[in-house]
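Notes to accompany the following structure.
The values are calculated or read from the model by the stated rules, or taken from the named source; none is laboratory data. Predicted, not measured: the structure shown is a model, and the values here were computed from it. All Cβ positions, glycine included, derive from the backbone under ideal geometry; neighbour counts span all protein chains shown. Keep in mind that these areas ignore ligands, DNA and RNA; they rest on the heavy atoms of the full protein, side chains included. Shrake-Rupley method; radii C 1.70, N 1.55, O 1.52, S 1.80 Å.
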Amino acid sequence: MALLEVKNLNVSFGAKHNAVPVLFDISFILHRRERIAIVGESGAGKSTLGFALVNLLSKPGHIHSGTVKLDGTNLTTLTSPQMQKIRGKRIAMIFQDPMVTLNPVITIGKQMVEAIRAHTSINRHDAKKIVLEKLAQVQIPAPDIRFDQYPHELSGGMRQRVIIATALLLTPDIIIADEPTTALDVTIQAEILELLKSMCEENNVALILITHDLGVVSRVAERTMVMYAGRIVEEGPTLEIINDPQHPYTQGLLNALPQMTLAGHKLNQIPGSMPSLSDRPNGCAFHPRCQYAIEKCQIKQPNYIYSGISTVACHVLEDMISETSSSDSAFLNDGKDVL
Ligand code: SF4
């Protein structure tokens, strides 16, 4: 059975009679110990999806329909206290800025001990032992000294290591990491991503990495979902998506990576910008920015189709695939006729 199964999840903002849909028909499966990435430009709805998975949407956001099942239990129907037990213990979250999670006026050790005691009956002495072990596991030098320090006494990279250690304290089933390296110095971003990956592997934790940077997913995630304007537009094995992107938006994201630009040339960019989720264009929301758009792209939302081993939502690709299969079958028919 899947560890996490998200089915036809729709999220809206606003009161019921004039609610604005912001996430559309999101469906995916996460297996135990699997690492997946959700990629897209800022405003694509990635973080909203992360919050919706743990029922933490800020009002007036709400789940309009669909299910989020953890080991078969539908999280969207749980009460607040029931959900609080799930968060931290079974699903932990890591945010972009460690200072959002860490309390600046409480020592690191005390915060971590309290995180354990909020979910278990472990005494302070044993909780401290677990904290020191986890700090050592994320390669914090001199954990016993760091234990008594305040967050501001640590560098940004060290604070994010503390956050990763905190997320692992109760050995959750899943960590949702929302842009965990964006606030960090470029030189240590790769280090922290590598640490996150290896910690998930060592502790048998599944990972959902939310990022705007398609360039980092191949280091971390086995599968990638590309989001545009609140909808998944392409999903498949990460290597397939990096090496042979099918959706024009994914192709644009890859082309915009600095490593795809020749030295001395301007960075490639996707023309235009992400629409606001409350002002989504009709049809395929990417059509105002898409060089391949045809008439029906402005009218009808594309369905999901299989292209190779990826799933993609694109009219033009669907037409190409059906043309190829009809010419294949015409060829087969020709063969029959000759025989
Ligand atoms: Fe472009 Fe049309 Fe495909 Fe959308 S459906 S990505 S507009 S070709």
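Across A190, A167, A229, mean-square fluctuation computed from a Gaussian network of the chain (C-alpha pairs under 10 Å connected) peaks at A190. Full extension of the chain between I242 and T171 gives 22.5 nm of extra length, using 0.36 nm per residue less the Cα-Cα distance. Just to confirm the filter: which trypsin sites (Lys or Arg not before Pro) across the stretch 183-289 are DSSP coil and have at most 11 other Cβ within 10 angstrom of their Cβ? Sites meeting the loop and neighbour criteria: K266. Between the helical axis of 124-137 and the longest alpha-carbon principal axis of the chain there is an angle of about 50 degrees. Which of A52, A183, A313 moves most in a GNM of the chain, Cα contacts under 10 Å? Sorting by GNM fluctuation, first place goes to A183. Between T182 and M320, the contour length at 0.36 nm per residue exceeds the Cα-Cα span by 45.9 nm. Sum up the charges of everything whose Cβ sits under 13 Å from the Cβ of K296, counting Lys and Arg as +1 and Asp and Glu as -1, but leave K296 out. With Lys, Arg at +1 and Asp, Glu at -1, the neighbours total -2. So what's the net charge close to L30: Lys and Arg +1, Asp and Glu -1, counting the other residues with Cβ under 13 Å from its Cβ? Charge balance near L30 sits at +1. For the chain, the longest principal axis of the Cα atoms and the long axis of helix 156-168 meet at an angle of about 90 degrees.
For the chain, the longest principal axis of the C-alpha atoms and the axis of helix 186-202 are separated by about 80°.
Of the accessible area of the stretch 36-124, computed with a 1.4 Å probe over protein heavy atoms only, carbon and sulfur atoms account for 54 percent.
When only Cα pairs below 8 angstrom with a gap of at least 6 residues are kept, the chain shows a relative contact order of 19 percent.
Placing dummy labels 7 Å off each Cα toward the beta-carbon, the span from D213 to N303 is 3.9 nm. Looking at the chain alone, DSSP beta bridges between its own residues are antiparallel in about 60 percent of cases. Entry comment: accessible area of the chain is 49 Å² per residue, from protein heavy atoms only and a probe of 1.4 Å.
Pairs exceeding 30 Å between alpha-carbon atoms, taken from K46/K197; K85/K197; K197/K266; K69/K128: K197/K266; K69/K128.
In summary, the convex hull built on the alpha carbon positions of the chain has an orientation-averaged projected area of 22.1 nm².
Among T181, T211, T79, which one shows the biggest mean-square fluctuation in a GNM of the chain, springs joining Cα atoms closer than 10 Å? Between T181, T211, T79, it is T79 that shows the largest mean-square fluctuation.
Enumerate the aspartates and glutamates that K7 could reach by cross-link, defined here as Cα to Cα under 15 Å, with residues fewer than 8 away along the same chain left out. Within reach: D25, D71, E235. Available extension along the chain between A19 and K110 is 28.6 nm, counting 0.36 nm per residue and deducting the alpha carbon span.
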